[in-house]
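Q: One structure follows; several queries about it will come next.
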Amino acid sequence: MFLMNSGHMLSCFSFPGLMDAAEEAMKAAGREKDGSITVPLRTAVNRGKNSLLLMPCLADDLWGLKALTIFPDNPVRSRPFLNGLVLLFDGADGTPLALFDGRTLTALRTGSVGGAAVRALAGKDVRSLGLAGAGVQGYWQVRFACEARSFSEVRIYDAVPESAERTAERLGKDLPEISVLPCRDAAELALASDVIITATTAKQPVFPDDRRLFSGGKCIIGIGSYTPEIREYPDALFAEAEQVYVDTEHALSETGDLINPLSRGVFSKEIIRPLSDLLLAGKKETAGTGTVFFKSVGLSVFDLYAAKTLLERGKMTGNGIDFDL
C-alpha cells in the first residue's frame, strides 16, 4: 500500500501530466457506453447540514473510490469545508494499492480539467485571464490555466473582496512574471478578460445579463455549478456562445448552468458536445473567432486518472510512504 499526503502530491505532480490525465479521463468517459469504465452516480448521505459523498469508478486495470465529507459550518470553526480520501485498488484482484489525501487530489484534478479545457479551446494569442471565485479551487484553476496559455495579466474577483486580495497576493508570488490584480466588479473582470473561469457556489449568476460581457470570441470555463440549484452564468452567455462543451454528458442532468436555460428554451441542446469529441478526433485547437463555453461538473473518472498519474509520479520520485496493512 502506498500513502500520498498533500505534501507528497504537491512535491511531485506535473501540470502537463495532470492535464494529459484529465484529457484521457474525458476520452474514457466518452467511451463509457462500450463498458471500458463503470461510473455510477455519486451517492450522497446527509445528516443535517453535513454530507458524506461516495464516488466510485471502475476500469479494467484499476478501481477507485473517493469518499468526501462536507461540513458547511466548518469554516467558522477554522476547519476545512471539505475533507476526504481517495483509494485505489488493483482491478485484477482487488488488492488495495494506494491511499491519497482527497482534498488535495480533488483540487489538483479539478484544476487540471479546467486547464485541459483552456489548452483545447482557448486561442494561442489570449493574454488576459479572469477568475471569479477566489477559494482554493480558484487558485488551482489559475495555476493550471497559466500553464496552458501564456497570460500576461490575471484579474481576481470574489463576493468577499478580502478573499480576492489574498488570492491575488498568493498568485502574484507564485507567478511573478504575470500581473495579478484583485477586481471588485464581476462585469469589469469579464470585459477585460480573454478567458473567464468561474469557481463559485453562487445560486444566482455571478455576472449581469449583458451579452457584451461575453462577446468577442472569449473562452469561458464554468467549474462551480455542480447541482441544479447552482448557476454561475446568465442567459446572455448562451446568446453569444457558438459552441458549448461539457466534461461528460452527466453535466446535462447535474448543473443549473445548463438545466435552467435549457428548460426555458434559451438555447438549443444541439450546440452541446462532450469535449472528448474533439480530443478523440485528435484536434487540440478550435478554429474560428466565436465565444465558446466549457462546463465541468466533475466525475469520479477524473479522480481515477489523476490518482493513477500521481501514484506513478510518487513512486518514481520517492514522494510517498510504502506500508503494509
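The values are calculated or read from the model by the stated rules, or taken from the named source; none is laboratory data. Note that this is a predicted model, so its numbers are computed, not measured. Because the Cβ atoms are built from the backbone with ideal geometry, glycine has one as well, and the counts that use them run over all protein chains shown.
Q: Can you report the number of residues in the range 28-64 which are of a type outside the set (A, V, I, L, M, F, W, C), buried (at least 18 other Cβ atoms within 10 Å of the Cβ) and at pLDDT 90 or above?
A: 2
Q: Give me a count of the residues in the range 27-63 that are among the charged types (D, E, K, R) and either in contact with a helix residue (DSSP H, G or I) (Cβ under 6 Å, 6 or more places away or on another chain) or within 20 Å of S253 (Cα to Cα) (or both).
A: 5
Let's see how each residue does on (1) surrounded by fewer than 24 Cβ atoms within 10 Å (Cβ to Cβ); (2) over 23 Å from K27 (Cβ atoms); (3) among the hydroxyl-bearing types (S, T, Y); (4) outside the structural domain of V180 (by TED's automatic domain parsing):
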| position | (1), (2), (3), (4) |
| --- | --- |
| A116 | no, no, no, no |
| R119 | yes, no, no, no |
| K124 | yes, no, no, no |
| S128 | yes, yes, yes, no |
| L131 | no, yes, no, no |
| V136 | yes, yes, no, no |
| C146 | yes, yes, no, no |
| R149 | yes, no, no, no |
| S152 | yes, yes, yes, no |
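Q: Hey, another quick one. Run down R184, R231 and say which single residue is within 20 Å of E153 (Cβ to Cβ) and free of Cβ contacts under 8 Å to residues at least 40 places away in the same chain.
A: Of R184, R231, the one residue that is within 20 Å of E153 (Cβ to Cβ) and free of Cβ contacts under 8 Å to residues at least 40 places away in the same chain is R184.
Q: Residues that are more than 20 Å from the chain's Cα centre (by Cα): find the helices (runs of 4 or more DSSP H) completely inside the range 93-190 holding 3 or more of those.
A: Counting at least 3 such residues, we get 161-174.
Q: Please report, ordered by residue number, the strands (runs of 3 or more DSSP E) entirely within the range 21-80 with at least 1 residues that are touching a residue at least 60 places away in the same chain (Cβ under 8 Å).
A: In the range 21-80, 50-59, 62-70 are the strands (runs of 3 or more DSSP E) which contain 1 or more residues that are touching a residue at least 60 places away in the same chain (Cβ under 8 Å).
Q: Out of the range 159-182, which residues are crowded, with 21+ Cβ neighbours inside 10 Å and at pLDDT below 95?
A: Of everything in the range 159-182, nothing turns out to be crowded, with 21+ Cβ neighbours inside 10 Å and at pLDDT below 95.
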